[in-house]
Amino acid sequence: MSETDIADPMQPEEAVPPHDTRLDEDDRLKPEFVSAVLDHVVEGHDEEVRDLVRPLHPADIADLFELTPSDRRGALAAALGELVTAEVLSELNDYVRDDLIGALAPAQVAEFATQLDTDDAVAIIEDMELEDQQAVLDALDPEDRAAIEDALSYPEESAGRLMQRNLVAVPEYMTVGQVIDYLREHGDLTTDFWEIFIVDEQHKPIGSCQLSWILRCPRNIPLSDVMKREQTLIPVDMDQEEVALRFQKYALISAAVVDANGRLVGMITVDDIVHIIQEEAGEDILRLSGAGEGDINQPILMTVRTRLSWLIVNLGTAILAASVVGLFQETIARYVVLAVLMPIVSGMGGNAGTQTMAVAVRALATNQLTSSNTVRQIAREFRIAAANGISLGVMIGIATAVIYGNPDLGVVIALAMVINNLVAGLSGILIPVALERAGVDPAVSSAVFVTTMTDVMGFFSFLGLATLWGL
């Protein structure tokens, strides 16, 4: 029998505030509501503050803190008192949570940590300064401390950090009736679980059984007859993004986490995966733009440092593109209209490259683009780029010839448009693939290289063809 904790479903829960009193979506956290709460905080009317906030769901209270200016969050927390619960802390934005935890004593943080699942407790403790982190760990009881220290020993953003250690694991020889009796007789068990894991004598998972199956089966049926032996096991050191992909691919509600020896050490549930998918998707989008984390609660200096570094890189690529234009100064001087038209070629190439790059980065992140289909996808993007380039080239070529009364100029810009679209399509997929193969996150660096290629080749192809054509 597993020694992991599980809650008795037959015993009523203690003092859990009802969540059916949350405000309607249209009324929740409107500006006038937030202003009223903060006005009462300033006036010292703590009871009025609690009366206003008490009906809110913990997630909404977390949102209230995030809507409050940073210099007033401490006063709001003091006014709310016991309404600032462990569940509220777990829902807070990382930077806002750091502000609040900094104002709490280590014993208070430790008390909150004991009320949460291990994964949520780790999320609160892992970002603290080492000295504060150690103070909180010292204030925990030995069992909770051991569980959190074990989680902190795993790499960041790994399954070991994400998993819960409170689960139900039973041996294969038990019957359905024995499992039900075990759940009813033990009041120290976890409250939230959807399936029971079946383990062998070495505590290695050999199957799982959903609660619905147990409730519907006769008591004398052995677990071995009703359990599902096919499992999706998560290695404890697997990256959380790969974990999320497995949940999505196999439509999992929960999954067992195993250590290097194959022993069951925890489980991951789909509610944690929803947060991971949201984090990873937002992270990739922001990285493509070089905006860093893009968190509006991030300190200004940190935001400036992140954005400025990428802007400096972009400045360098802009200088490179300008140097290409400088090679054709004499051509531009003879026919000034080239300076008017060349941004069209580079700009359209940049847009086309960004489209291809976004699709490629997403395909790499979701394992849709792998070594087995890379060549096929490159050929596909080449055909798409050729079709788009020819279509755009014909349109801009005819328009240019008509507007400027120069068919040769129309042919030159049409050919340049085709060339740059081909460059954009190929670089949009080849650059992310090459970076991914080199062990570099393609979401971070692809945009700089792709836009550099389309700018340089856009200017070079248009001005170079114009020079060869004798314009």
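Structural remarks
- In region 107-123, the residues that are closer than 18 Å to residue 189 by Cα reach residues that are acidic (Asp, Glu) with C-beta atoms within less than 6 angstrom, at least six apart or across chains, in these pairs: 114/144.
- One residue from 260, 255 being hydrophobic (A, V, I, L, M, F, W, C) and buried (at least 19 other Cβ atoms within 10 Å of the Cβ): 255
- In region 43-96, the residues that are in contact with a Lys or Arg (Cβ under 8 Å, 6 or more places away or on another chain) and either within 19 Å of residue 127 (Cα to Cα) or not assigned by TED's automatic domain parsing to the domain that holds residue 114 (or both): 65, 89, 96
- Residue identified as of a type in the set (Ser, Thr, Tyr) and assigned to a strand (DSSP E or B) among 224, 208: 208
- Scanning region 102-142 for residues that are hydrophobic (A, V, I, L, M, F, W, C) and not in a helix (DSSP H, G or I) yields a total of 6.
- Summed over region 33-69, the residues that are more than 31 Å from the chain's Cα centre (by Cα) and assigned to a helix (DSSP H, G or I) give a count of 16.
- A Cβ distance below 6 Å, combined with a sequence gap of six or more or placement on separate chains, defines the contacts here; from region 374-389, residues that are in the same structural domain as residue 356 (by TED's automatic domain parsing) and touching a residue at least 24 places away in the same chain (Cβ under 8 Å) reach residues that are hydroxyl-bearing (Ser, Thr, Tyr) and crowded, with 16+ Cβ neighbours inside 10 Å in the pairs 381/356.
Results for (1) within 27 Å of residue 150 (Cβ to Cβ); (2) more than 26 Å from the chain's Cα centre (by Cα); (3) surrounded by fewer than 16 Cβ atoms within 10 Å (Cβ to Cβ), shown as yes or no for each residue.
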residue: 71; (1), (2), (3): no, yes, yes
residue: 79; (1), (2), (3): no, yes, no
residue: 85; (1), (2), (3): yes, no, no
residue: 105; (1), (2), (3): yes, yes, yes
residue: 113; (1), (2), (3): yes, no, no
residue: 128; (1), (2), (3): yes, no, no
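Here is a yes/no grid of residues against (1) in contact with a Pro (Cβ under 7 Å, 6 or more places away or on another chain); (2) among the small types (Gly, Ala, Ser); (3) more than 14 Å from residue 433 (Cβ to Cβ):
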| residue | (1), (2), (3) |
| --- | --- |
| 361 | yes, no, no |
| 365 | no, yes, no |
| 397 | no, yes, yes |
| 403 | no, no, yes |
| 408 | no, no, yes |
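- Residue selected from region 198-211 under the condition farther than 12 Å from residue 255 by Cα and not polar (S, T, N, Q), by the criterion surrounded by the most Cβ atoms within 10 Å (Cβ to Cβ): 198
Every residue, every condition in (1) buried (at least 21 other Cβ atoms within 10 Å of the Cβ); (2) part of a loop (DSSP other than H, G, I, E, B); (3) not assigned by TED's automatic domain parsing to the domain that holds residue 336, yes or no:
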position: 368; (1), (2), (3): no, yes, no
position: 410; (1), (2), (3): yes, no, no
position: 417; (1), (2), (3): yes, no, no
position: 426; (1), (2), (3): no, no, no
position: 457; (1), (2), (3): yes, no, no
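- If you filter region 143-199 down to residues that are part of a helix (DSSP H, G or I) and of a type in the set (Gly, Ala, Ser), you find that the one that is farthest from the chain's Cα centre (by Cα) is 177.
- Residues of region 198-254 that are among the aromatic types (Phe, Trp, Tyr) and touching a Leu at 6+ places or on another chain (Cβ under 6 Å): none at all.
- Looking across region 101-110, the residues that are aliphatic (A, V, I, L, M) and either more than 19 Å from residue 44 (Cα to Cα) or not assigned by TED's automatic domain parsing to the domain that holds residue 60 (or both) come down to 101, 104, 105, 107, 109, 110.
- Boolean, residue 394 is under 32 Å from the mean Cα position of the chain (by Cα), at pLDDT 90 or above and in a helix (DSSP H, G or I): no
- Filtering region 212-234 to residues that are surrounded by fewer than 16 Cβ atoms within 10 Å (Cβ to Cβ) and either within 20 Å of residue 269 (Cβ to Cβ) or without any contact (Cβ under 8 Å) to a residue 24 or more places away in the chain (or both) leaves 212, 215, 216, 225, 228, 229, 230, 232, 233.
- Residue within region 74-83 that is under 18 Å from residue 132 (Cβ atoms) and either modelled with pLDDT of 90 or more or part of a helix (DSSP H, G or I) (or both) present: yes
The values are calculated or read from the model by the stated rules, or taken from the named source; none is laboratory data. The model shown is predicted, which means the values in this text are computed figures rather than measured ones. A quick note on method: Cβ atoms are made from the backbone with ideal geometry, for glycine too, and the neighbour counts reach across all protein chains shown.
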